[in-house]
Structures are given as structure tokens and as C-alpha cells.
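What follows is calculated from the coordinates using simple rules that are stated; it is not laboratory data. This one's a predicted model, so the numbers in the text were calculated from it and none came from an experiment. Counting neighbours? That spans all protein chains shown, and the Cβs are built from the backbone with ideal geometry, glycine included.
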Amino acid sequence: MEPILEVTNLSKNFGGLAAVSGINMKIDKGQLVGLIGPNGAGKTTFFNLLTGVYEPSEGLIELNVDNKKKQIGGMKPYKITELGLARTFQNIRLFKSMTVLENVKLAMHKNAGYGLPSALLRTSKYYNAERWIEEKACEYLQEVGLYRKRNELATNLPYGEQRRLEIARALATEPVILFLDEPAAGMNPQETEDLTQLIYHLRDKYKLTIVLIEHDMSLVMNLCEHIFVLNYGQLIAHGTPEEIKNNEFVIKAYLGEEI
């Protein structure tokens, strides 16, 4: 089976600094993948390259769309999202003056199914589409446990629930790959356990491939099926959690002597 995402010799330079250098990576459909490494290793830069925030200095990013490879490196973020890549951010980026429900509905614009004339004239096509959008948005909020808070302002949600709202909004774009940038940051152990179960559930229900950056090693080792390790912008190891735990280069670079 062809990988759903393939990265070849991917690099990003900022002036004389190589933030990401010569990364090669293959991710299979349906995998739960972890991306780890010390602070400053290039993890978020790598996510930004995959999702169109940055343009690669060199290399290819190929997405398998309907069994056809499509080169997405350098494409606009909204184009990449339309192809099926969605993400959350390390620093939460919600529309905090909008309600929880409005945040999710906003992500579904590509599925509106009506144009400006229908919106202006309030045709039946407009009302039918808006009804469908609201029903789907509520479904995603149910999945992340926020349906009861759908009419609250996003800014009023606790930190952990804001992260769940970001996930719901990403789901609303109907992705095939979901990138989660430090989804457990700031969460207590129970919230982290709940997040783990949510990620399993979303992967299975929506047939997703999920890639996450995370510093919580317990979460990564328990959740992920394959782990990639970056250090100074380079891929230094990849493998199963057990292989990564026992990799001497990873131990020295990141995990420390005590595993």
C-alpha cells in the first residue's frame, strides 16, 4: 500500500539557519504517529512545512489523494486543507469572540454548497445547507464533549476544552490526516487520559491518520504506533515505541538516561 504522506529530502532554511534539514519520512494510512524531540528541534517548523505555513527551501511533500500522489509543498494552507490535511496549533488559535458552535461552523465553508446569490436571497438551498452545516457542527462537538457548551463564547472555555474545540474545528474540514501540535499541553493526568481515548476514537470513527507533536512521553509511548525523532532539524531515529525507548541516540539527545 502506498503511504498516505511521503516526505523526501525536506529542508527549510531561515537565512543561514537550517531549521529542518534533509528529512525523509513515510506515513501509512490510519497510523497514529508521534513526532518528538527537544525544544528547538524543528518539530513545529516541520508541521508548518507540511501544512503550507512555510514553503520548503528544498524537497518534496507528496500526499496520496485518491491513489494519486500530489506534490503539496509550497501550496497555500487553504488548498492543502481542501485536500485533506488539518491541524491544531501549539498556541491555541480560536475565534474567541465567537461561540463554540460558530467556531466549528466557520471551518465548514467549503461544504456550504451555495453561492452569494443564494445567501443574499435566502433561498431554500441556503437554508437547507445551513441546517446541514449546523447539524454536522453539533456532531463534531458531541465527539469532543462540548455540545452542551455550543452557545458559550470560545474565550470562556477552560484551557483543556479550548484544545478540544480546536480538534472539533479541524474535524469539520473533513481531513484524511490530522496534525495535533502538543494537544496535551497544560492538561492534568485525567484530561490526558481522556484525550488519549478521544484520539483513538476519532482515528477509528473517521478513518484518520493522526500525527502529533508531544512532550508527554507517557502519552506518546502509549498512544503512538510509530515515532519519529528530530534533533537540530534532522531526523535521528524512527521506529516503534519500544525501539525508540532503547535507541542510544534518542536517549542521549532527548529521553535522558532514565527511560
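The relative contact order of the stretch 1-116, computed from alpha carbon pairs under 8 Å that lie at least 6 residues apart in sequence, is 23 percent. Just the number, please: Stokes-Einstein D of the chain in µm²/s, Kirkwood Rh from C-alpha pairs, 37 °C, 0.692 mPa s. The Stokes-Einstein estimate is 170 µm²/s. When the stretch 37-101 is described by a simple charge dipole with +1 on each Lys and Arg Cβ and -1 on each Asp and Glu Cβ, the residue from Gly40, Leu94, Gly52 located farthest towards its positive end is Leu94. Ordering Arg150, Arg122 by the number of other Cβ atoms within 10 Å of each residue's own Cβ, fewest first, gives Arg122, Arg150.
Ordered by the number of other Cβ atoms lying within 10 Å of each residue's own Cβ, fewest first, Cys138, Cys224 fall into the sequence Cys138, Cys224.
Return a whole-number percent for the relative contact order of the chain, with Cα pairs under 8 Å and 6 or more residues apart as the contact set.
Answer for the chain is 26 percent.
Given the options Pro189, Thr173, Thr155, identify the residue whose Cα lies farthest towards the positive end of the charge dipole of the stretch 138-195 (+1 on Cβ of Lys, Arg; -1 on Cβ of Asp, Glu). Comparing the listed Cα positions along the dipole, Thr155 ranks first. Partners of Lys105 within straight-line reach, counting lysines whose Cα lies under 16 Å from its Cα and excluding those fewer than 8 residues away in the same chain: Lys96, Lys136, Lys149.
Cross-linked pairs Lys43/Lys252; Lys43/Lys245; Lys12/Lys76; Lys68/Lys245: Cα-Cα separations exceed 26 Å for Lys68/Lys245.
Placing +1 on the Cβ of every Lys and Arg and -1 on the Cβ of every Asp and Glu, with no other charges, gives the chain a dipole of roughly 1160 debye about its Cα centre. If both residues of a DSSP beta bridge must be in the chain, then about 60% of such bridges are antiparallel.
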